[in-house]
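The values are calculated or read from the model by the stated rules, or taken from the named source; none is laboratory data. Because the structure is a prediction, the values reported are computed rather than measured. Counting neighbours? That spans all protein chains shown, and the Cβs are built from the backbone with ideal geometry, glycine included.
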Amino acid sequence: MYILAIETTGPLGSVAITDGAGNCSLKISGEEMNHLKDLMPMAQQLMDEWKLAKSDLSAVAASIGPGSFTGIRIGVSTARAVAQALNLPAISVPTLDMFKQRCDGMSLIVPIFNARRGQVYGGVFDEAGDDILQSGPYLLTEVFEAVEAHLEDVRSEMPCGMLQAASVKFYGDGVDAYAQELADFKEKMLKLEGCRVLNAPKDERYQDAGMTARAAVKKYRNGELISADQLLPDYMRVTEAEQKLKDGSLARERAAKMARFKAR
(Lines give C-alpha, C1' and ligand atoms only; values in the text may rest on other atoms or scores of the structure.)
Protein backbone atom coordinates (compact mmCIF):
# COMPACT_ATOMS: atom_id res chain seq x y z
CA MET A 1 0.00 0.00 0.00
CA TYR A 2 1.26 3.45 -0.95
CA ILE A 3 -0.93 6.50 -0.39
CA LEU A 4 -0.22 10.00 -1.69
CA ALA A 5 -1.69 12.60 0.68
CA ILE A 6 -2.27 16.31 0.04
CA GLU A 7 -2.92 19.04 2.64
CA THR A 8 -3.60 22.65 1.62
CA THR A 9 -6.09 24.00 4.16
CA GLY A 10 -3.49 26.15 5.95
CA PRO A 11 -0.91 28.69 4.76
CA LEU A 12 1.72 26.07 3.90
CA GLY A 13 0.80 23.29 1.52
CA SER A 14 2.28 19.85 2.06
CA VAL A 15 2.44 16.42 0.46
CA ALA A 16 3.20 13.04 2.04
CA ILE A 17 3.61 9.42 1.04
CA THR A 18 3.03 6.53 3.41
CA ASP A 19 3.33 2.78 3.04
CA GLY A 20 0.79 2.11 5.78
CA ALA A 21 3.41 0.33 7.88
CA GLY A 22 4.48 3.36 9.91
CA ASN A 23 6.78 4.86 7.30
CA CYS A 24 5.81 8.32 6.08
CA SER A 25 7.73 11.05 4.25
CA LEU A 26 6.57 14.66 4.25
CA LYS A 27 7.41 17.73 2.20
CA ILE A 28 6.16 21.18 3.17
CA SER A 29 6.15 24.24 0.93
CA GLY A 30 8.66 26.92 1.88
CA GLU A 31 6.31 29.74 0.90
CA GLU A 32 2.85 30.58 2.18
CA MET A 33 -0.14 30.15 -0.13
CA ASN A 34 2.03 28.73 -2.93
CA HIS A 35 -0.02 25.56 -3.24
CA LEU A 36 -0.67 25.60 -6.97
CA LYS A 37 3.02 25.94 -7.81
CA ASP A 38 4.51 23.56 -5.24
CA LEU A 39 2.17 20.57 -4.87
CA MET A 40 3.05 18.47 -7.90
CA PRO A 41 6.83 19.11 -7.76
CA MET A 42 6.82 18.05 -4.09
CA ALA A 43 4.80 14.95 -4.95
CA GLN A 44 7.25 14.02 -7.71
CA GLN A 45 10.21 14.52 -5.37
CA LEU A 46 8.67 12.10 -2.89
CA MET A 47 7.91 9.57 -5.62
CA ASP A 48 11.54 9.76 -6.75
CA GLU A 49 12.88 9.42 -3.19
CA TRP A 50 10.75 6.34 -2.61
CA LYS A 51 11.62 5.04 -6.09
CA LEU A 52 7.93 4.61 -6.86
CA ALA A 53 6.22 4.49 -10.21
CA LYS A 54 2.77 6.03 -10.56
CA SER A 55 1.39 2.50 -10.88
CA ASP A 56 2.64 1.73 -7.35
CA LEU A 57 0.18 4.14 -5.74
CA SER A 58 -2.90 2.62 -4.11
CA ALA A 59 -4.92 5.78 -3.43
CA VAL A 60 -4.84 9.57 -3.26
CA ALA A 61 -5.99 11.33 -0.09
CA ALA A 62 -6.90 14.96 0.46
CA SER A 63 -7.50 17.06 3.54
CA ILE A 64 -10.92 18.45 2.56
CA GLY A 65 -11.34 21.33 5.01
CA PRO A 66 -12.32 23.48 6.70
CA GLY A 67 -9.64 26.11 6.31
CA SER A 68 -8.57 28.47 3.56
CA PHE A 69 -11.26 28.38 0.86
CA THR A 70 -8.69 28.86 -1.91
CA GLY A 71 -6.33 26.32 -0.41
CA ILE A 72 -9.07 23.72 -0.05
CA ARG A 73 -10.14 24.16 -3.68
CA ILE A 74 -6.57 23.73 -4.92
CA GLY A 75 -5.84 20.68 -2.78
CA VAL A 76 -9.07 18.84 -3.51
CA SER A 77 -8.98 19.59 -7.24
CA THR A 78 -5.35 18.45 -7.44
CA ALA A 79 -6.12 15.19 -5.63
CA ARG A 80 -9.11 14.60 -7.89
CA ALA A 81 -7.04 15.22 -11.01
CA VAL A 82 -4.32 12.80 -9.89
CA ALA A 83 -6.85 10.13 -8.93
CA GLN A 84 -8.66 10.48 -12.26
CA ALA A 85 -5.46 10.47 -14.31
CA LEU A 86 -4.11 7.34 -12.57
CA ASN A 87 -7.50 5.62 -12.17
CA LEU A 88 -7.06 5.49 -8.39
CA PRO A 89 -9.59 5.63 -5.56
CA ALA A 90 -9.67 8.76 -3.42
CA ILE A 91 -9.82 9.15 0.34
CA SER A 92 -11.59 12.10 1.96
CA VAL A 93 -10.02 13.28 5.24
CA PRO A 94 -11.84 15.93 7.34
CA THR A 95 -9.15 18.34 8.48
CA LEU A 96 -10.22 19.02 12.07
CA ASP A 97 -10.62 15.31 12.79
CA MET A 98 -6.96 14.78 11.92
CA PHE A 99 -6.11 16.35 15.26
CA LYS A 100 -7.58 13.32 17.03
CA GLN A 101 -4.17 11.79 16.30
CA ARG A 102 -2.81 14.12 18.99
CA CYS A 103 -4.89 12.46 21.71
CA ASP A 104 -2.52 11.10 24.33
CA GLY A 105 -4.95 9.59 26.81
CA MET A 106 -4.59 12.52 29.19
CA SER A 107 -5.48 15.77 27.41
CA LEU A 108 -8.52 17.32 25.80
CA ILE A 109 -7.62 18.22 22.21
CA VAL A 110 -9.09 21.45 20.86
CA PRO A 111 -8.25 22.41 17.26
CA ILE A 112 -9.38 25.92 16.30
CA PHE A 113 -8.97 27.48 12.86
CA ASN A 114 -9.40 31.23 12.52
CA ALA A 115 -12.68 32.10 10.78
CA ARG A 116 -12.44 35.81 11.77
CA ARG A 117 -14.75 38.05 13.77
CA GLY A 118 -14.54 35.87 16.87
CA GLN A 119 -15.46 32.75 14.91
CA VAL A 120 -13.57 29.49 14.46
CA TYR A 121 -13.83 26.14 12.81
CA GLY A 122 -13.23 23.90 15.74
CA GLY A 123 -13.97 20.84 17.82
CA VAL A 124 -13.32 19.43 21.27
CA PHE A 125 -12.10 15.83 21.56
CA ASP A 126 -11.64 13.85 24.75
CA GLU A 127 -8.64 11.80 25.81
CA ALA A 128 -9.74 8.87 23.62
CA GLY A 129 -10.49 11.01 20.57
CA ASP A 130 -14.27 10.98 20.97
CA ASP A 131 -16.31 14.11 20.26
CA ILE A 132 -17.20 16.40 23.13
CA LEU A 133 -18.00 19.15 20.64
CA GLN A 134 -18.35 17.89 17.08
CA SER A 135 -16.22 19.58 14.42
CA GLY A 136 -18.01 22.60 12.99
CA PRO A 137 -18.22 26.40 12.75
CA TYR A 138 -18.57 28.07 16.14
CA LEU A 139 -18.04 31.26 18.03
CA LEU A 140 -14.79 30.93 19.96
CA THR A 141 -16.77 31.49 23.15
CA GLU A 142 -18.88 28.41 22.35
CA VAL A 143 -15.73 26.29 22.18
CA PHE A 144 -14.55 27.68 25.51
CA GLU A 145 -17.96 26.94 27.04
CA ALA A 146 -17.85 23.32 25.82
CA VAL A 147 -14.40 22.81 27.35
CA GLU A 148 -15.39 24.40 30.65
CA ALA A 149 -18.67 22.47 30.89
CA HIS A 150 -16.93 19.15 30.25
CA LEU A 151 -14.25 19.79 32.85
CA GLU A 152 -16.84 20.90 35.40
CA ASP A 153 -18.72 17.64 34.80
CA VAL A 154 -15.52 15.63 35.25
CA ARG A 155 -14.67 17.51 38.44
CA SER A 156 -18.13 16.92 39.90
CA GLU A 157 -17.57 13.16 39.57
CA MET A 158 -14.25 13.26 41.42
CA PRO A 159 -14.43 12.21 45.10
CA CYS A 160 -12.32 15.19 46.15
CA GLY A 161 -13.98 17.58 43.72
CA MET A 162 -10.64 18.32 42.08
CA LEU A 163 -9.30 17.48 38.65
CA GLN A 164 -6.24 15.28 38.65
CA ALA A 165 -3.58 16.52 36.23
CA ALA A 166 -6.14 17.35 33.52
CA SER A 167 -4.89 19.37 30.59
CA VAL A 168 -6.40 21.05 27.56
CA LYS A 169 -4.32 21.57 24.42
CA PHE A 170 -5.27 24.06 21.72
CA TYR A 171 -4.10 23.55 18.12
CA GLY A 172 -4.42 25.37 14.80
CA ASP A 173 -3.92 28.90 13.54
CA GLY A 174 -6.68 30.11 15.85
CA VAL A 175 -4.12 29.84 18.65
CA ASP A 176 -2.18 32.66 16.99
CA ALA A 177 -5.19 34.71 15.89
CA TYR A 178 -6.90 34.61 19.29
CA ALA A 179 -3.86 34.73 21.56
CA GLN A 180 -5.38 37.25 23.97
CA GLU A 181 -8.70 35.42 24.20
CA LEU A 182 -6.84 32.20 24.99
CA ALA A 183 -4.77 33.95 27.64
CA ASP A 184 -7.97 35.22 29.25
CA PHE A 185 -9.48 31.73 29.12
CA LYS A 186 -6.40 30.23 30.76
CA GLU A 187 -6.71 32.78 33.55
CA LYS A 188 -10.37 31.93 34.02
CA MET A 189 -9.65 28.20 34.17
CA LEU A 190 -7.23 28.62 37.07
CA LYS A 191 -10.29 28.16 39.28
CA LEU A 192 -10.25 24.46 38.35
CA GLU A 193 -7.44 23.10 40.47
CA GLY A 194 -5.33 20.51 38.68
CA CYS A 195 -6.25 21.77 35.19
CA ARG A 196 -3.71 23.18 32.74
CA VAL A 197 -4.66 24.98 29.53
CA LEU A 198 -1.85 24.85 26.98
CA ASN A 199 -1.09 26.07 23.48
CA ALA A 200 0.42 23.24 21.46
CA PRO A 201 4.07 23.92 20.53
CA LYS A 202 4.49 25.38 17.06
CA ASP A 203 6.15 22.28 15.63
CA GLU A 204 2.95 20.29 16.19
CA ARG A 205 0.32 23.04 16.24
CA TYR A 206 -0.68 23.02 12.58
CA GLN A 207 -2.11 20.47 10.15
CA ASP A 208 0.14 18.80 7.57
CA ALA A 209 -0.03 16.03 4.97
CA GLY A 210 1.63 13.57 7.34
CA MET A 211 -1.50 13.75 9.49
CA THR A 212 -3.63 13.37 6.36
CA ALA A 213 -1.65 10.29 5.35
CA ARG A 214 -2.03 8.61 8.75
CA ALA A 215 -5.77 9.24 8.77
CA ALA A 216 -5.99 7.94 5.20
CA VAL A 217 -4.33 4.63 6.12
CA LYS A 218 -7.07 3.92 8.65
CA LYS A 219 -9.77 4.81 6.12
CA TYR A 220 -8.10 2.68 3.44
CA ARG A 221 -8.07 -0.36 5.72
CA ASN A 222 -11.71 0.26 6.64
CA GLY A 223 -12.64 0.33 2.96
CA GLU A 224 -13.62 4.02 3.05
CA LEU A 225 -12.65 4.64 -0.56
CA ILE A 226 -14.49 6.89 -2.97
CA SER A 227 -14.21 7.84 -6.61
CA ALA A 228 -12.41 11.00 -7.67
CA ASP A 229 -15.77 12.60 -8.51
CA GLN A 230 -16.97 12.00 -4.96
CA LEU A 231 -14.01 13.82 -3.41
CA LEU A 232 -15.53 17.16 -2.40
CA PRO A 233 -14.39 20.13 -0.30
CA ASP A 234 -15.94 20.85 3.08
CA TYR A 235 -15.89 24.60 3.64
CA MET A 236 -18.30 24.29 6.60
CA ARG A 237 -19.87 27.55 5.51
CA VAL A 238 -20.44 29.29 2.20
CA THR A 239 -17.87 31.76 0.96
CA GLU A 240 -18.61 35.44 1.40
CA ALA A 241 -19.20 35.81 -2.35
CA GLU A 242 -21.63 32.86 -2.37
CA GLN A 243 -23.55 34.29 0.58
CA LYS A 244 -23.81 37.67 -1.09
CA LEU A 245 -25.05 36.01 -4.27
CA LYS A 246 -27.60 34.04 -2.28
CA ASP A 247 -29.05 37.00 -0.40
CA GLY A 248 -28.88 39.38 -3.36
CA SER A 249 -26.38 41.79 -1.82
CA LEU A 250 -23.76 41.00 -4.48
CA ALA A 251 -26.07 42.30 -7.20
CA ARG A 252 -26.84 45.39 -5.12
CA GLU A 253 -23.13 46.05 -4.58
CA ARG A 254 -22.45 45.75 -8.31
CA ALA A 255 -25.35 48.08 -9.13
CA ALA A 256 -24.06 50.63 -6.62
CA LYS A 257 -20.57 50.45 -8.11
CA MET A 258 -21.95 50.99 -11.61
CA ALA A 259 -24.00 53.94 -10.40
CA ARG A 260 -20.91 55.52 -8.84
CA PHE A 261 -18.94 54.88 -12.03
CA LYS A 262 -21.61 56.49 -14.24
CA ALA A 263 -21.81 59.48 -11.91
CA ARG A 264 -18.15 60.37 -12.49
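So the values come out like this:
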| item | result |
| --- | --- |
| Residue in region 121-128 that is touching a residue at least 60 places away in the same chain (Cβ under 8 Å), under 30 Å from Met42 (Cα atoms) and buried (at least 21 other Cβ atoms within 10 Å of the Cβ) present | yes |
| Number of the exception - Gly172 against (1) buried (at least 17 other Cβ atoms within 10 Å of the Cβ); (2) at negative phi; (3) at pLDDT 95 or above | (2) |
| Qualifying positions in region 2-39 - on the phi > 0 side of the Ramachandran plot and among the aliphatic types (A, V, I, L, M) | Met33 |
| Given (1) within 19 Å of the chain's Cα centre (by Cα); (2) under 20 Å from Phe185 (Cβ atoms), number of the condition Val154 does not satisfy | (1) |
| Positions within region 66-78 being β-branched (Val, Ile, Thr) and crowded, with 16+ Cβ neighbours inside 10 Å, in sequence order | Ile72, Ile74, Val76, Thr78 |
| Residue satisfying all of: in region 79-103; hydrophobic (A, V, I, L, M, F, W, C) and surrounded by fewer than 18 Cβ atoms within 10 Å (Cβ to Cβ); nearest to Pro233 (Cα to Cα) among these | Ala81 |
| Subset of region 189-205 [without any contact (Cβ under 8 Å) to a residue 24 or more places away in the chain and in a helix (DSSP H, G or I)] | Leu190, Lys191, Lys202, Asp203 |
| Residues of region 12-65 classified as surrounded by fewer than 19 Cβ atoms within 10 Å (Cβ to Cβ), hydroxyl-bearing (Ser, Thr, Tyr) and under 18 Å from Gln207 (Cα atoms), total | 1 |
| Filter result (over 11 Å from Cys103 (Cβ atoms) and over 16 Å from the mean Cα position of the chain (by Cα)) within region 121-139 | Ile132, Leu139 |
